[in-house]
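Peer 1: Sharing a structure below in structure tokens format, with a few things to ask.
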Amino acid sequence: MKKELTNNLINPNWAKHGYIQVYTGNGKGKTTASLGLAMRALGRNWKVLIIMFTKGGNDYGELNSFRNLAQQISDNLTIVQAGLDRIVYSDNKTEADTTEIKKGWELAKKAIKNDEYNLIILDEANIAIDLGFIDLAEVVEVLKNKPQEMEIVLTGRNAKPEIVDIAHLVSEINPVKHYWDTGVVARKGIEY
């Protein structure tokens with residue numbers, strides 16, 4: 001009689017192992033995908049930290065939604081905005097941007113080291129790394145030494161090859177067609 005194999009025999013810790021995920025590319029939906037994952041995790045009573053690099057201000061629909069979650073769910077959620085209320089490019093970086101982003105990175109490092117959350121989303125971390133606000137080698141080292149059961153997600157364009165190499169899941173979101181190309185500007189409730 002054949003012995004039946006179960007997931008537990010194949011990989012006894014698969015459900016407890018945390019992975020590194022990356023959502024990158026020039027298409028729309030990287031942050032949206034990560035925030036959907038946050039909602040799923042919160043629905044399973046996970047403790048979730050979202051750090052929004054390069055994003056400040058209050059005019060984000062997702063922040064409004066998160067602020068209105070049931071108390072039982074919102075008790076497991078921490079959101080930190082590590083950016084000013086503007087879009088940061090390579091030609092408009094300021095010391096104030098550097099200060100805000102570095103504060104967010106220090107908080108992320110502490111949360112990872114202290115194993116404070118089940119899921120940490122580093123939204124637009126790839127942009128912060130690409131623009132030189134956060135040291136790539138330091139990020140790689142922190143990710144390599146994350147707690148085994150912690151899931152970490154990095155979003156943003158221009159994911160560095162070193163990040164892609166250590167990630168367990170990488171989704172590159174590429175634009176095929178976008179209404180912005182016809183002159184449509186960002187819309188509340190859809191883009192922010």
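Peer 1: Which pairs break 30 Å Cα to Cα here: K146/K188; K30/K103; K113/K177; K47/K93?
Peer 2: As for pairs spanning more than 30 Å Cα to Cα, those are K146/K188; K113/K177; K47/K93.
Peer 1: Whole angstrom only: what separates the Cα centroid of the range 130-192 from the Cα centroid of the range 97-124?
Peer 2: First find each Cα centre; the distance between them is then 15 Å.
Peer 1: Report the full-extension gain for the segment L136 to Y192: residue separation times 0.36 nm, less the Cα-Cα distance, to one decimal in nm.
Peer 2: Between L136 and Y192, full extension yields 17.4 nm more.
Peer 1: With a 10 Å Cβ neighbour count serving as the proxy for reagent exposure, in which order, fewest first, do W46, W105, W180 appear?
Peer 2: By the 10 Å Cβ count, ascending: W180, W46, W105.
Peer 1: Rounded to whole Å and sorted largest first, list the principal axis extents of the Cα atoms in the chain.
Peer 2: 67, 38, 34
Peer 1: Moving to a separate point now. In the range 40-192, if the dipole is taken from +1 on Lys/Arg beta carbons and -1 on Asp/Glu beta carbons about the Cα centre, which of I101, N45, Y192 is farthest to the positive end?
Peer 2: N45
Peer 1: Also, quick follow-up: How big is the dipole moment of the chain about its Cα centre under a simple scheme where the beta carbon of each Lys and Arg is +1, that of each Asp and Glu is -1, and everything else is neutral? Debye, nearest 20, please.
Peer 2: With only Lys, Arg, Asp and Glu charged at Cβ, the dipole is about 620 debye.
Peer 1: Report the local net charge at G27: Lys and Arg +1, Asp and Glu -1, summed over other residues whose C-beta lies under 12 Å from its C-beta.
Peer 2: +3
Peer 1: Report, in degrees rounded to the nearest 10, the 0 to 90 angle that the Cα long axis of helix 95-113 makes with the longest principal axis of the chain.
Peer 2: 10
Peer 1: Just to confirm the number: angle between the C-alpha axis of helix 30-42 and the first principal axis of the chain, 0 to 90 degrees, nearest 10?
Peer 2: In the chain, helix 30-42 runs at an angle near 50 degrees to the longest axis.
Peer 1: Just the number, please: percent antiparallel of the DSSP beta bridges in the chain, rounded to the nearest 5.
Peer 2: 0
Each reported figure results from applying straightforward, stated rules to the coordinates on display, with no laboratory input. Small disclaimer: the values here were computed from a predicted structure and weren't measured. Cβ atoms come from the backbone with ideal geometry, glycine included; neighbour counts cover every protein chain shown.
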